[in-house]
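Only one structure is covered here, and it is reproduced in the block below.
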Amino acid sequence: MNKISVSSPSNIALIKYWGMSDAKRTLPANRSLSMTLSRCVSLYTLETLDDSSPDEIYWRAEDGTLEAADPIMRLGIEQHVRRLRQCSDFRQPLRIATTNTFPTSAGIASSASGYSALALAFAALFGQLSSPDQLSGLARLSGSGSAARSLLGGFVTWPGDADDPQSPARQLATAAHWPLHDIIVVVDGSAKTTSSRIGHLRAQSSPFYQRRQQLLVERLRHLQHAILTRDFSRFADIVECEAIELHLIAMSSVPPLFYWQPATLSVLYRVQQLRRNGLDVCTTFDAGPNAHVLCTPEHCPKVLAVLRELDGVQQIIPDQIGEGPQVLTQALF
Ligand code: DP6
């Protein structure tokens, strides 16, 4: 095979990976748990070229044309491909094209979907290194730890075990087990100015960080139980508390990282109100101002209608839990 196309989804963490135990190996200081998304995916096509050619890297625009990838994206892809090659015998030049099904400038992290897709495509093209555990290690070569979770569907935990060279993510439950929705509420679509990597390195400077590490053990256990028993009320309490705590650690780091904007809080307040009124809905955030509003399928239309009326909302992207990466039959070029 000399050409392969894959898609890999974004994911939203419910228990956040925030802080590293080993920055070189991209290993987390704590276990995390996420929900893999369905519609927000990165697509990649890789094709081998003649030995004498240089690598070619393209972004596929919405109208289907291939254009040169922007310099930051190009750098990330080149670096990841270099590391993937170092882990394998494959040196052949590649033509690479990528795109996202979600607006790339919408402030939604695309590194987890993009780097997991690239690792998967590379491994599939060369027919090696394709056990799930190996793929996890390959995805994290990018420096994006959350990319390891995107390789699996449904609810996914990443123990981050430092004794395991691959330190893989594990599926806790399938998407069909509990088909929750994630309504992504964009309040600021600009690219973030401080990377998650800086946040991870700075987390320990928060005076609340050590206490968080202690609390997380029980929190993760309770959240796993809430998911396995589909207990939304318990799920919502834990997920919202955890999302607020991520930002509390960020805001109290030295120097502080402040991601929230006024509309971030408006979404949180309104969702809490809806929950008090009996709807199965709660909010979580990643390291940015945008909200992920999680709800059950039956309450989704009502929640969507309310969110569309909120001031300060730039864009709403409805998504839901998904099955994980796929090999595609249609190529980007
Ligand atoms: C707050 O280092 O995996 O989203 O490289 O931006 O994908 P990216 O981030 P990564 O850190 C993720 C931080 C987080 C929480 C999480 O996803 O667990």
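Overview of values
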item	result
Candidates 133, 182, filtered to the one that is touching a residue at least 24 places away in the same chain (Cβ under 8 Å) and either within 16 Å of the ligand (Cβ to nearest atom) or touching a strand residue (DSSP E or B) at 6+ places or on another chain (Cβ under 6 Å) (or both)	182
Residue match in region 96-111 (condition: out of contact with any strand residue (DSSP E or B) (no Cβ under 9 Å at 6 or more places or on another chain), open to solvent by less than 60 Å² (accessible area, probe 1.4 Å) and part of a loop (DSSP other than H, G, I, E, B))	no
Meets criteria (surrounded by 20 or more Cβ atoms within 10 Å (Cβ to Cβ), within 14 Å of the ligand (Cβ to nearest atom), over 12 Å from the mean Cα position of the chain (by Cα) and modelled with pLDDT of 95 or more) for residue 141	no
Looking only at region 1-25, and only at residues there that are of a type in the set (S, T, N, Q) and under 15 Å from the mean Cα position of the chain (by Cα), the one that is farthest from the ligand (Cβ to nearest atom)	7
Extreme residue, farthest from the ligand (Cβ to nearest atom), among residues of region 190-203 that are at pLDDT below 90 and more than 17 Å from residue 12 (Cβ to Cβ)	190
Any pair with Cβ under 9 angstrom, 6 or more apart, that starts in region 4-15 at a residue that is not assigned by TED's automatic domain parsing to the domain that holds residue 139 and open to solvent by less than 10 Å² (accessible area, probe 1.4 Å) and ends at one that is of a type in the set (S, T, N, Q) and within 9 Å of the ligand (Cβ to nearest atom)	none
The lone exception for residue 296 - which of (1) among the β-branched types (Val, Ile, Thr); (2) surrounded by fewer than 21 Cβ atoms within 10 Å (Cβ to Cβ); (3) touching a His at 6+ places or on another chain (Cβ under 6 Å) it fails	(3)
Whichever residue in region 1-17 is touching a strand residue (DSSP E or B) at 6+ places or on another chain (Cβ under 8 Å) and not in a strand (DSSP E or B) and, among such residues, is modelled with the lowest pLDDT	2
Residues located in region 217-234, provided they are surrounded by 14 or more Cβ atoms within 10 Å (Cβ to Cβ) and touching a strand residue (DSSP E or B) at 6+ places or on another chain (Cβ under 7 Å)	219, 220, 223, 224, 227
Out of 121, 97, 173, sole residue that is modelled with pLDDT of 95 or more, closer than 22 Å to residue 318 by Cα, more than 16 Å from the ligand (Cβ to nearest atom) and not charged (D, E, K, R)	173
The lone exception for residue 146 - which of (1) away from the ligand (no atom under 13 Å from the Cβ); (2) out of contact with any Lys or Arg (no Cβ under 8 Å at 6 or more places or on another chain); (3) within 23 Å of residue 319 (Cβ to Cβ) it fails	(1)
Residue ID - surrounded by the most Cβ atoms within 10 Å (Cβ to Cβ), chosen from residues in region 28-50 that are of a type outside the set (Lys, Arg) and part of a loop (DSSP other than H, G, I, E, B)	30
Lone qualifier among 33, 46 - being closer than 14 Å to residue 149 by Cβ and either outside the structural domain of residue 248 (by TED's automatic domain parsing) or within 16 Å of the ligand (Cβ to nearest atom) (or both)	33
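To keep it simple, each residue is scored yes or no on (1) assigned by TED's automatic domain parsing to the domain that holds residue 227; (2) part of a strand (DSSP E or B); (3) under 15 Å from residue 182 (Cα atoms); (4) under 20 Å from the mean Cα position of the chain (by Cα).
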{"position": "289", "(1), (2), (3), (4)": "yes, no, no, yes"}
{"position": "299", "(1), (2), (3), (4)": "yes, no, yes, no"}
{"position": "302", "(1), (2), (3), (4)": "yes, no, yes, no"}
{"position": "305", "(1), (2), (3), (4)": "yes, no, yes, no"}
{"position": "312", "(1), (2), (3), (4)": "yes, no, no, no"}
{"position": "316", "(1), (2), (3), (4)": "yes, yes, yes, yes"}
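Here is a yes/no grid of residues against (1) under 17 Å from residue 167 (Cβ atoms); (2) modelled with pLDDT of 95 or more:
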| site | (1), (2) |
| --- | --- |
| 30 | yes, yes |
| 45 | no, yes |
| 52 | no, no |
| 64 | no, no |
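The values are calculated or read from the model by the stated rules, or taken from the named source; none is laboratory data. Small disclaimer: the values here were computed from a predicted structure and weren't measured. Cβ atoms come from the backbone with ideal geometry, glycine included; neighbour counts cover every protein chain shown. Please note that ligands, DNA and RNA were not included when accessible areas were found on the heavy atoms of the full protein model with its side chains. Shrake-Rupley method; radii C 1.70, N 1.55, O 1.52, S 1.80 Å.
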